[in-house]
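Colleague: To start, I am sharing the structure in question, which I have written as C-alpha cells.
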Amino acid sequence: MKKFVAMSLVAVAFTIITVKATEAREYKIGFIGPMSGGAAQLGQQMKRGAKLYMKLHKDQLGKHTIKMIVRDSKRPGGPIAKAAAQELITREKVELITGLIFSPNAMSVAPLVNKSKTPVVIMNAGTTFIPNMSPHMVRVSFTMWQAGVIIGEHAASNLNCKTAVAGYTNYPPGKDSINAFRHGFEGKGGKVVDEIPMGGPGKVPDFTPFFQRAKSKKPNCLYVFVPAGNHAAAVAKTYQALAMRKAGIRLIGPGDITQDTQLQGMGSAAVGLVTAHHYHMFLKSAENQAFVKAWKAEYGANNPPDFVGVGGYDGMAAVYAAIRAANGSKLTSAIAMKALKGWKFESPRGPIMIDPETRDIIQNIYISIVRKKGGMLVQETQKTFKAVKDKCKELKLGKCGKKLY
Amino acid sequence: MVPNHSSAAKAVNYLQTRHRFHWGEAIPWILAILVFYFLPGYRLLATQILVMIIFALSLDLIVGYAGIISLGHTAFFGTGAYITALLATNNIPDPIIGLIAAAFGAAILGFLSGWVLLRTTGLTLLVLTMAVTIMLAELANDFDEITGGFDGINFTNSDIFGLIELDQLWYSSSYIYVLIVLFLSFLFIRTIIYAPFGRMLIGIRENPRRMSAIGTPVHQRQVIVYVVSAAIAGIAGALWVQVQGNVTTEVYAFELSGDVLIMLILGGTGRLYGAFLGATVFKILENVTEQVLGTDQPYWQFAIGLVLILTVLFARRGLFGIFEDLGNKWKERGQ
C-alpha cells in the first residue's frame, strides 16, 4: 500500500511537471538598442530586423508566445544600457537580453548577466573579445577581424597593392580593423606605410586632411574603416574630390563603408569600391531575395535592409531557437547556451553557425565591388570565403585569447 | 531675544536660525530610504540618481554660489572616475581608497586648471572649461592601452572595509554606500554655505569688484571653492564607476557637463536642494519617459526639453523655487 501511494504520488508529481512544462508560456525578452540620438537609425534597423523575423515566423514557437520589451540605450557608453538591463532583469523578469549596438553597451552588461545568469544574444556589438567576458553571451553579428584579414589578403594578392595606407576612426573597432588588415596584407607581402587616426566615432569629421596625408604617401591602396552610419558617404566624396582614383590609389575597406542604407547617397563616387563584408542586400541566395522582398514589403521600397537589420533578424532567429529548446520551461542560460552552441541557420547572409568554443559567429565573407546599374548603385559579389572564423581568437592575440570573467 | 514682530527682529531671527535644520529637510532622505525598499528593480537607476545629485551639488557650489559658470565640470568627474578605475585594475581595489584618491586627483586638477582659467570670466571661461574637458577626453581615447578608450574597462572593487560587497545585480549595498557618501558630502557643502566663507562666495557672485574693494582676495577664494568643488565632483565620478564596475570615455563627455548644468537649472541654482530635485527629475525623464507612456518611440529628449523650457519661462528659480513659494504662502497663512 505504502509503495502504491508513493508511486502514485510520484506519478501525479510527474504529470504536474510535464503538464506545466507543456503549458503555453509567454517568454519575456529585453531588447536594448539606441532609439534616440545619432545612432537611432542603427537601432531602428536592428529592431526592424528582429520584428520582421517575429512576424514571418509566428508559428515557430507553437503555443508559446514571446514578448519583446524595448529599452533605449541612448548613448554608446555603459551606464544607461546597464540600468536598463538591471531593470529588465530584476523588475520585468526577462529571461533573455538581446540587441546591443555598441560594444561598451554589451561590455557593461556582462558583469550583470554573470550574476543573474541571464542569456544574452548580441545582435551587433563587434569588439572582438566581448564573448570572452561572459559565459552567457553569444554573438550573431561579426568581428572586425573577419572582414579585415580577408580584404588585406585580397588586396595584396588580387588587387596588385604593394603598399597601403590605413585610415581608421579612432576607437577600438577601428584599431581592431586595421590590425586585422595589416595582419592579412603584410602576411601576403604587402606593406602598410602609414596609419592615420581620423577622429572619434561621434561626429563625421572633414576627411580632407587625412586623405591628403594618405595621398602624399602615394600608396596603391587606401584602406578605410569608419563606423556604420553617416561617415561612409563623406569618405567616398572626399576620395573623389581629391581625385585619388586618378592618382592611382584604390579605395578599399570593410563593408561598413558601403552600408546598404547609405550606398545610394554616395553617388558615382562609390563606383569601383572594393569591400569585404558578411552581408550586402544584393546577395543572390534565395533566402536573401525572400528576405529583401519581405523587408521592402514591410517597411517600404525606399527603406532597404542592411547588415545591422540582418543582425537583428538572425539574432531573433537565435532567440527563437533558444525558446524552442526551453519548450515551456524557464529559459535558463544553461538551456540557451546548449541550444545555441553549434546552432546553424540559413541566414540571408548565407549559412551561419555559432562556434561552440568561442560562442562567436562563423559566417561567409564576400568580396564585392560597387557598380552602377540602371541609375542605381549595386554591389556585385566577386569572391566568397566560406565559414570564416574570428582570426583574433584563433591566434589568441591579446584579450582575444583570455577568459575575462 | 524678546519675541516681537518688528521687521528688524525678524531679520535678526532669520540670520540666527537660517543654518538650523528645518524639518522639511528630512523629506528627501526619507524618500531615498522608501525608494530603497519599494523600487528594488530601479535600484541601479536610483543609485545613479544619487551620484548625479552629488555631482550637481558640486557644480552648484561654483555656479550657484560663487557665480563661476563652467561647461567642463566633467573634467573632474572623469578624472575621479579614471583614478578609481585604474587603481582597481592595478591591484588597489579598495573603494574607500579609490574615493579618497579620486578626490585628491580631481582637486589637484582643479587647482592647476582653476589657477589659470579663473583669471577669465564669462564666455571665455565657459569655452576654456569646455576645452579642458574635451582635451582630457581625447587623451583618454588615445591612451586606450591604459584607459580602455571608447570601449572602456570593466573592473571589480573589493568589499568595503573588507566586509560589504558592492553587489552587481540588486545594488542594495551600493545604494546605501552612495547614500551615505551623499549625506556626508551634503553636510560638508551645507556647512560651507552657511559659514562666513559661503556668504563671501555669494558676495563674489553678486559683485566681485566690490568684494575686491573691501579686501577679499577674489581670485584666491574662487580657486579655493573651485578646488573643493572639483574634489566633490571627483568623488561623484569615482562612485559612478564603482557602482557600475565599468568606465568608458563617456565620463569625460562634454554632453555630461551640459546635462548636469541642465539638472541644476531645472532644480534651481544656489539653493542646495535644487540639485536633489533637478538630478532626480532629469534622470527619471531620461530613463522612464517611454515606460510611462508605454511606447518604443523616444520621447525623453522632448520631455526634458519641455520641462526645461517651462521651468525657465515660469519658474525662474527652478522647480525648487516653486516649493519655496508654496512654503512661504503656507507660512503667511499660518500667521
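The values are calculated or read from the model by the stated rules, or taken from the named source; none is laboratory data. What you see is a predicted model; the values in this text were computed from it and never measured. Here the Cβ is made from the backbone with ideal geometry for all residues, glycine too, and neighbour counts use every protein chain on show.
The rows are residues; the columns are (1) of a type outside the set (Asp, Glu); (2) within 22 Å of the chain's Cα centre (by Cα).
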| residue | (1), (2) |
| --- | --- |
| B:Thr269 | yes, yes |
| B:Lys283 | yes, yes |
| B:Asn287 | yes, yes |
| B:Asp296 | no, no |
| B:Leu306 | yes, no |
| B:Thr311 | yes, yes |
| B:Phe320 | yes, yes |
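Colleague: Pull up the range A:25-36, narrow it to residues that are in contact with a helix residue (DSSP H, G or I) (Cβ under 8 Å, 6 or more places away or on another chain) and in a loop (DSSP other than H, G, I, E, B), then point me to the one that is surrounded by the fewest Cβ atoms within 10 Å (Cβ to Cβ).
Modeller: First, the residues of the range A:25-36 that are in contact with a helix residue (DSSP H, G or I) (Cβ under 8 Å, 6 or more places away or on another chain): A:27, A:29-36.
Subsequent filtering for residues that are in a loop (DSSP other than H, G, I, E, B) retains A:34-36.
Details: A:Pro34: 27, A:Met35: 24, A:Ser36: 18.
Per the criteria, the residue is A:Ser36.
Colleague: Being surrounded by 24 or more Cβ atoms within 10 Å (Cβ to Cβ) and in a helix (DSSP H, G or I) is true for just one of A:Gln45, A:Gln60. Which residue is that? Don't jump to the end; show me each part of the working.
Modeller: On the way: A:Gln60 fails: surrounded by 24 or more Cβ atoms within 10 Å (Cβ to Cβ).
Result of the check over A:Gln45, A:Gln60: A:Gln45.
Colleague: Collect the residues in the range A:171-189 that are out of contact with any strand residue (DSSP E or B) (no Cβ under 6 Å at 6 or more places or on another chain) and either outside any helix (DSSP H, G or I) or among the polar types (S, T, N, Q) (or both), keeping them in residue-number order.
Modeller: Result: A:Tyr171, A:Asn179, A:Lys188, A:Gly189.
Colleague: For the structure I just gave you, tell me whether B:Thr216 is among the hydroxyl-bearing types (Ser, Thr, Tyr) and closer than 30 Å to A:Pro173 by Cα. Spell out the reasoning first.
Modeller: On the way: among the hydroxyl-bearing types (Ser, Thr, Tyr): yes; closer than 30 Å to A:Pro173 by Cα: no.
Answer is no for this residue.
Colleague: Moving on. Could you tell me which numbered condition A:Ala164 fails, if it satisfies all but one of (1) surrounded by fewer than 21 Cβ atoms within 10 Å (Cβ to Cβ); (2) farther than 27 Å from A:Gly37 by Cβ?
Modeller: The single condition A:Ala164 does not satisfy is (1).
Colleague: With the range B:1-76 as the region, which helices (runs of 4 or more DSSP H) entirely inside it contain at least 3 residues that are among the aromatic types (Phe, Trp, Tyr), within 14 Å of another protein chain (Cβ to nearest Cβ) and farther than 30 Å from A:Arg91 by Cβ? Steps first, answer last, please.
Modeller: Details: elements: B:7-17, B:27-38, B:43-60.
Helices (runs of 4 or more DSSP H) meeting the threshold: none at all.
Colleague: Considering (1) within 12 Å of another protein chain (Cβ to nearest Cβ); (2) surrounded by fewer than 20 Cβ atoms within 10 Å (Cβ to Cβ); (3) in contact with an Asp or Glu (Cβ under 8 Å, 6 or more places away or on another chain), say which one B:Arg317 fails and leave the rest.
Modeller: Exception for B:Arg317: condition (1).
Colleague: Any residue in the range B:228-245 that is over 25 Å from B:Gly114 (Cα atoms), part of a helix (DSSP H, G or I), of a type in the set (A, V, I, L, M, F, W, C) and without any contact (Cβ under 8 Å) to a residue 24 or more places away in the chain? So that I can check it myself, show each step before the final result.
Modeller: First, the residues of the range B:228-245 that are over 25 Å from B:Gly114 (Cα atoms): B:242-245.
Now drop any that are not part of a helix (DSSP H, G or I), which leaves B:242-244.
Next, from what is left, pick out any that are of a type in the set (A, V, I, L, M, F, W, C): B:243.
Now narrow it down to the ones that are without any contact (Cβ under 8 Å) to a residue 24 or more places away in the chain: none.
No, there is no match, as no residue in the range B:228-245 is over 25 Å from B:Gly114 (Cα atoms), part of a helix (DSSP H, G or I), of a type in the set (A, V, I, L, M, F, W, C) and without any contact (Cβ under 8 Å) to a residue 24 or more places away in the chain.
Colleague: Residues that are within 14 Å of chain B (Cβ to nearest Cβ), more than 19 Å from A:Pro79 (Cα to Cα) and among the hydroxyl-bearing types (Ser, Thr, Tyr): find the strands (runs of 3 or more DSSP E) completely inside the range A:100-170 holding 1 or more of those.
Modeller: Numbers: elements: A:120-122, A:137-139, A:163-168.
Answer list for the range A:100-170: A:163-168.
Colleague: Since A:Lys58 meets every condition but one in (1) touching a helix residue (DSSP H, G or I) at 6+ places or on another chain (Cβ under 9 Å); (2) modelled with pLDDT under 95, which condition does it not meet?
Modeller: (1)
Colleague: Further, regarding this structure: Of the residues B:Leu112, B:Leu123, which is in a helix (DSSP H, G or I), aliphatic (A, V, I, L, M), more than 20 Å from B:Trp240 (Cα to Cα) and at pLDDT below 95? Reasoning before the result, please.
Modeller: Working: B:Leu112 fails: at pLDDT below 95.
The conditions single out B:Leu123.
Colleague: Right, here's the next one. If only one of A:Gly315, A:Gly342 is in the same structural domain as A:Met54 (by TED's automatic domain parsing), under 21 Å from the mean Cα position of the chain (by Cα), closer than 22 Å to A:Thr127 by Cα and surrounded by fewer than 17 Cβ atoms within 10 Å (Cβ to Cβ), which one is it? Give the derivation first.
Modeller: Details: A:Gly315 fails: surrounded by fewer than 17 Cβ atoms within 10 Å (Cβ to Cβ).
On inspection, the qualifying residue turns out to be A:Gly342.
Colleague: Among (1) closer than 18 Å to B:Pro298 by Cα; (2) facing chain B (nearest Cβ under 7 Å); (3) surrounded by 24 or more Cβ atoms within 10 Å (Cβ to Cβ), there is one condition A:Ser73 misses while meeting the rest; what is its number?
Modeller: Here A:Ser73 meets the rest and fails (2).
Colleague: Determine, yes or no, whether A:Lys246 is farther than 18 Å from A:Leu56 by Cα, of a type in the set (Lys, Arg) and either in a helix (DSSP H, G or I) or assigned by TED's automatic domain parsing to the domain that holds A:Thr381 (or both). Give the steps one after another, and end with the answer.
Modeller: Details: farther than 18 Å from A:Leu56 by Cα: yes; of a type in the set (Lys, Arg): yes; either in a helix (DSSP H, G or I) or assigned by TED's automatic domain parsing to the domain that holds A:Thr381 (or both): yes.
Here the answer is yes, as A:Lys246 does meet what is asked.
Colleague: Further, regarding this structure: Going by the conditions given, is A:Phe225 touching a residue at least 40 places away in the same chain (Cβ under 8 Å), in contact with a Pro (Cβ under 9 Å, 6 or more places away or on another chain), buried (at least 21 other Cβ atoms within 10 Å of the Cβ) and within 14 Å of another protein chain (Cβ to nearest Cβ)?
Modeller: On the way: touching a residue at least 40 places away in the same chain (Cβ under 8 Å): yes; in contact with a Pro (Cβ under 9 Å, 6 or more places away or on another chain): yes; buried (at least 21 other Cβ atoms within 10 Å of the Cβ): yes; within 14 Å of another protein chain (Cβ to nearest Cβ): yes.
Here the answer is yes, as A:Phe225 does meet what is asked.
Colleague: Then there is this: Is the range A:196-215 home to any residue that is under 28 Å from B:Leu139 (Cβ atoms), outside any loop (DSSP other than H, G, I, E, B), within 14 Å of another protein chain (Cβ to nearest Cβ) and free of Cβ contacts under 8 Å to residues at least 60 places away in the same chain? Even if it seems obvious, please write down each step before you answer.
Modeller: Of all residues in the range A:196-215, those under 28 Å from B:Leu139 (Cβ atoms) come to A:196-214.
Okay, now just the ones that are also outside any loop (DSSP other than H, G, I, E, B), so A:196-197, A:208-214.
Next, only the ones that are within 14 Å of another protein chain (Cβ to nearest Cβ) stay: A:196-197.
From the residues that got through so far, the ones that are free of Cβ contacts under 8 Å to residues at least 60 places away in the same chain too are A:196-197.
Within the range A:196-215, one or more residues are under 28 Å from B:Leu139 (Cβ atoms), outside any loop (DSSP other than H, G, I, E, B), within 14 Å of another protein chain (Cβ to nearest Cβ) and free of Cβ contacts under 8 Å to residues at least 60 places away in the same chain.
Colleague: Can you name the helices (runs of 4 or more DSSP H) wholly within the range B:250-327 that have at least 1 residues being within 13 Å of B:Leu59 (Cβ to Cβ) and of a type in the set (D, E, K, R)? Step through it out loud before you land on a result.
Modeller: On the way: elements: B:254-267, B:273-293, B:300-314.
Correct list: B:254-267.
Colleague: Looking at B:Ala195, B:Ala236, which is the one that is crowded, with 24+ Cβ neighbours inside 10 Å and either more than 30 Å from B:Leu166 (Cβ to Cβ) or not acidic (Asp, Glu) (or both)?
Modeller: Numbers: B:Ala195 fails: crowded, with 24+ Cβ neighbours inside 10 Å.
Being crowded, with 24+ Cβ neighbours inside 10 Å and either more than 30 Å from B:Leu166 (Cβ to Cβ) or not acidic (Asp, Glu) (or both) holds for just one of B:Ala195, B:Ala236, which is B:Ala236.
Colleague: Of all residues in the range A:362-375 being out of contact with any His (no Cβ under 8 Å at 6 or more places or on another chain) and modelled with pLDDT of 90 or more, which is nearest to A:Thr143 (Cα to Cα)?
Modeller: A:Ile362
Colleague: Among the residues of the range A:51-67, are any polar (S, T, N, Q) and within 13 Å of another protein chain (Cβ to nearest Cβ)? Break it down into steps so the answer makes sense when it comes.
Modeller: Restricting attention to the range A:51-67, the residues satisfying the condition of being polar (S, T, N, Q) are A:60, A:65.
Keeping just the survivors that are within 13 Å of another protein chain (Cβ to nearest Cβ) gives none.
No, the range A:51-67 contains no residue that is polar (S, T, N, Q) and within 13 Å of another protein chain (Cβ to nearest Cβ).
Colleague: What number of residues within the range B:144-164 are in a loop (DSSP other than H, G, I, E, B) and either buried (at least 18 other Cβ atoms within 10 Å of the Cβ) or within 11 Å of another protein chain (Cβ to nearest Cβ) (or both)?
Modeller: Narrowing the range B:144-164 to residues in a loop (DSSP other than H, G, I, E, B): B:148-152, B:155-159, B:161-163.
Next, only the ones that are either buried (at least 18 other Cβ atoms within 10 Å of the Cβ) or within 11 Å of another protein chain (Cβ to nearest Cβ) (or both) stay: B:148-152, B:155-157.
Of the residues in that region, 8 qualify.
Colleague: From the list B:Phe276, B:Phe314, B:Phe282, exactly one residue is aromatic (Phe, Trp, Tyr) and farther than 20 Å from A:Ala83 by Cβ. Which is it? If you could, list the steps in order and put the result at the bottom.
Modeller: Values: B:Phe276 fails: farther than 20 Å from A:Ala83 by Cβ; B:Phe282 fails: farther than 20 Å from A:Ala83 by Cβ.
So the residue among B:Phe276, B:Phe314, B:Phe282 that is aromatic (Phe, Trp, Tyr) and farther than 20 Å from A:Ala83 by Cβ is B:Phe314.
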